[in-house]
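Everything below concerns the one structure shown next.
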Amino acid sequence: MTAINPLLLSVKDLKVFFYSNGDIARAVDGISFNVHEKEMVCLVGESGCGKTVSALSILGLVATPPGKIEGGQILFKGKNLLNYSEEQLQQVRGNHIAMVFQEPLTSLNPVFKIGDQISEAIRIHKDLDDEAAYERCLHLLRDVGIPSPEERLNNYPHQLSGGQRQRVMIAMALACDPDLIIADEPTTALDVTVQAQILQLFQSLQERRSLSLLYITHDL
């Protein structure tokens, strides 16, 4: 019998509703799933079924109002994140749970260089000097398959292709060695060939780094 790794994330009967002008939209109405250590789990569903809202709820990023978590639990390493303060959640985001969003061009800041944006995530959670942070950025870009990383660190987001921008977002997610990465339909804005490359990259990273990965998609 194959041994089961320890449970990392357990979402139990999560309910997230949105309120507007007296109407209620039950975006998430009782979803439950588990992610174990070193495990890749796919959350699959059609557009509008609440996949992204579920992911945002894990990190405490649902805008309130109009959204409100009306029930359930989100247990991370046995502790309910729904009981965490905003300050506690800030320590979780990036450091323990990182997220890769659908559209990297809107997630990256257009007026800052790639290197500055990656190193910011490192500086928030890691006590590294400038030289060590720079070397960490280079290592991350190499790890996600970006050529000439020294040059790319000085580029702005608009100077990169869509696939390269998404690789940068993955590098940022990896920056602090989180326990769990949530990938929210990360290939949506990419062409078919690049989609396949990004999927292969996630598989490779998950195996090489023994990551826990929650991969959200509308199609397998």
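The values are calculated or read from the model by the stated rules, or taken from the named source; none is laboratory data. Small disclaimer: the values here were computed from a predicted structure and weren't measured. All Cβ positions, even for glycine, are placed from backbone atoms using ideal geometry, and neighbour counts span all protein chains on display.
Matching residues to (1) of a type in the set (Gly, Ala, Ser); (2) without any contact (Cβ under 8 Å) to a residue 60 or more places away in the chain:
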position	(1), (2)
His125	no, yes
Asp129	no, yes
Arg136	no, yes
Leu140	no, yes
Gly145	yes, yes
Pro157	no, yes
Arg165	no, no
Val168	no, no
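For Ala63, the test of being of a type outside the set (S, T, N, Q), within 24 Å of Ser210 (Cα to Cα) and outside any strand (DSSP E or B) is failed. Among the conditions (1) assigned to a helix (DSSP H, G or I); (2) modelled with pLDDT under 90, Leu140 misses just one, which is (2).
Taking the conditions exactly as written (within 29 Å of Glu37 (Cβ to Cβ), assigned to a loop (DSSP other than H, G, I, E, B), more than 16 Å from the chain's Cα centre (by Cα) and of a type outside the set (Ser, Thr, Tyr)), does Leu128 satisfy them or not?
yes
Among residues of the stretch 191-214 being surrounded by fewer than 13 Cβ atoms within 10 Å (Cβ to Cβ) and among the charged types (D, E, K, R), the one that is farthest from the chain's Cα centre (by Cα) is Asp191. A single entry from Gln90, Gln102 fulfils the requirement of being polar (S, T, N, Q), part of a loop (DSSP other than H, G, I, E, B) and within 22 Å of Asp184 (Cβ to Cβ): Gln102. Look at (1) surrounded by 16 or more Cβ atoms within 10 Å (Cβ to Cβ); (2) out of contact with any strand residue (DSSP E or B) (no Cβ under 9 Å at 6 or more places or on another chain) and you find that Gly22 fails only one, number (1).
The one condition from (1) in a loop (DSSP other than H, G, I, E, B); (2) touching a Ser or Thr at 6+ places or on another chain (Cβ under 6 Å) that Glu46 does not meet is (2). Looking only at residues of the stretch 68-87 that are polar (S, T, N, Q) and loosely packed, with under 13 Cβ neighbours inside 10 Å, we find that the one that is farthest from Gln164 (Cα to Cα) is Asn83. Exactly one residue out of Ser85, Ser57, Ser47 is modelled with pLDDT under 90, on the phi < 0 side of the Ramachandran plot and of a type in the set (Ser, Thr, Tyr): that is Ser47. Taking (1) among the β-branched types (Val, Ile, Thr); (2) more than 14 Å from the chain's Cα centre (by Cα); (3) farther than 26 Å from Leu199 by Cβ in turn, Val92 satisfies each apart from (2). Of all residues in the stretch 106-117, none are modelled with pLDDT of 85 or more, polar (S, T, N, Q), within 24 Å of Asp184 (Cβ to Cβ) and in contact with a Cys (Cβ under 8 Å, 6 or more places away or on another chain). Among the residues of the stretch 177-190, is any outside any loop (DSSP other than H, G, I, E, B), surrounded by fewer than 21 Cβ atoms within 10 Å (Cβ to Cβ), of a type in the set (A, V, I, L, M, F, W, C) and modelled with pLDDT under 90? The answer is no, given that none of the residues of the stretch 177-190 is outside any loop (DSSP other than H, G, I, E, B), surrounded by fewer than 21 Cβ atoms within 10 Å (Cβ to Cβ), of a type in the set (A, V, I, L, M, F, W, C) and modelled with pLDDT under 90.
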